[in-house]
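The values are calculated or read from the model by the stated rules, or taken from the named source; none is laboratory data. Source: prediction; values computed, not measured. In this analysis, Cβ positions are derived from the backbone assuming ideal geometry, glycine residues included, and neighbour counts consider all displayed protein chains. The accessibility values were calculated without ligands, DNA or RNA, using every heavy atom of the protein model including side chains. Shrake-Rupley method; radii C 1.70, N 1.55, O 1.52, S 1.80 Å.
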Amino acid sequence: MQKMETLIEELSQDLEPVKRMPNVNLLANAWFIVSAIYVVAVIHFFGPIRPGALYQLISSPRFLAETLLGVVAIFWVSLQAFRDAVPGVLSPRFMLGGVILMLLWLAQYVIGLISPTLEPSTLGERNLCLYETMIYSLPPIYLAWFLVRRFYPLHPMRTAISISLASGMMPALYMQLACMYAPSHILKFHIVPGLLMVLVGVALAWYWRPISSKSP
């Protein structure tokens, strides 16, 4: 018995108090707000939004609903990404909700090919919107991955996909105010580039995965 007590004392003498991990939901909210402000600010810095875009939000209920659906979908996937970084926090039902919301939002532009929300126009067109969408989403991706890595996610690839999807869709969504509104243009030059950023997240997760899992 005395040996056991001695062993326990020797093992515990170098232990230090462990800091409490931050609330993952609050962290996700903070990341979403900071990233959204950054995306809006950087897009405005490099050019004005489409003339009359804000009035269109007010005057067209469908356009407003479409935009709000995008915000909700991106916010939901943001929460999903951060919850996925903590074992046991993300439920299958919550993850399914994020997939459904994202598909519902993106479906609005596919429907728009037949029945557009607004009259398609080249007004406000940005010549480099494709590259802007991808470049502006990089800082949010790196910031989110830096934050969630501290939680040691069990499914880093899945977490990275959610992070990159939310990050890539932020500038893609705001481009429907900052750039021309035409469903075909939005799908090709805003949505697809945003979706391609998932590859960046996957690359990050692959690079930072545990060394043991890299061994053949």
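Assorted remarks:
- Filter pass, R126 being basic (K, R) and in contact (Cβ under 8 Å) with a residue 12 or more places away in the chain: yes
- Residue within the range 4-25 that is in a helix (DSSP H, G or I), modelled with pLDDT of 90 or more and under 21 Å from Y152 (Cβ atoms) present: yes
- If you go through the range 27-39 and keep only what is touching a residue at least 60 places away in the same chain (Cβ under 8 Å), open to solvent by 50 Å² or more (accessible area, probe 1.4 Å) and either of a type in the set (A, V, I, L, M, F, W, C) or not in a helix (DSSP H, G or I) (or both), you end up with just V34.
- For the range 173-193, the tally of residues that are part of a helix (DSSP H, G or I) and touching a Pro at 6+ places or on another chain (Cβ under 7 Å) stands at 1.
- Residue in the range 85-95 that is out of contact with any Asp or Glu (no Cβ under 6 Å at 6 or more places or on another chain), touching a residue at least 12 places away in the same chain (Cβ under 8 Å), of a type in the set (A, V, I, L, M, F, W, C) and closer than 21 Å to P51 by Cβ present: no
- Within the range 124-161, the set of residues being assigned to a helix (DSSP H, G or I), over 25 Å from L187 (Cα atoms), of a type in the set (F, W, Y) and open to solvent by 60 Å² or more (accessible area, probe 1.4 Å) comprises just one member, F146.
- The set of residues in the range 134-156 being over 28 Å from L26 (Cβ atoms) and touching a residue at least 24 places away in the same chain (Cβ under 8 Å) consists of M134 alone.
- Unique residue being open to solvent by 20 Å² or more (accessible area, probe 1.4 Å) and over 24 Å from F45 (Cβ atoms) when the list is L196, L187: L187
- For beta carbons closer than 8 Å, sequence separation of 6+ or different chains, a first residue in the range 51-64 that is without any contact (Cβ under 8 Å) to a residue 12 or more places away in the chain and a second that is open to solvent by less than 50 Å² (accessible area, probe 1.4 Å), the qualifying pairs are L64/L57.
- Residue match in the range 170-177 (condition: open to solvent by less than 20 Å² (accessible area, probe 1.4 Å), at pLDDT 95 or above, out of contact with any Asp or Glu (no Cβ under 7 Å at 6 or more places or on another chain) and small (G, A, S)): yes
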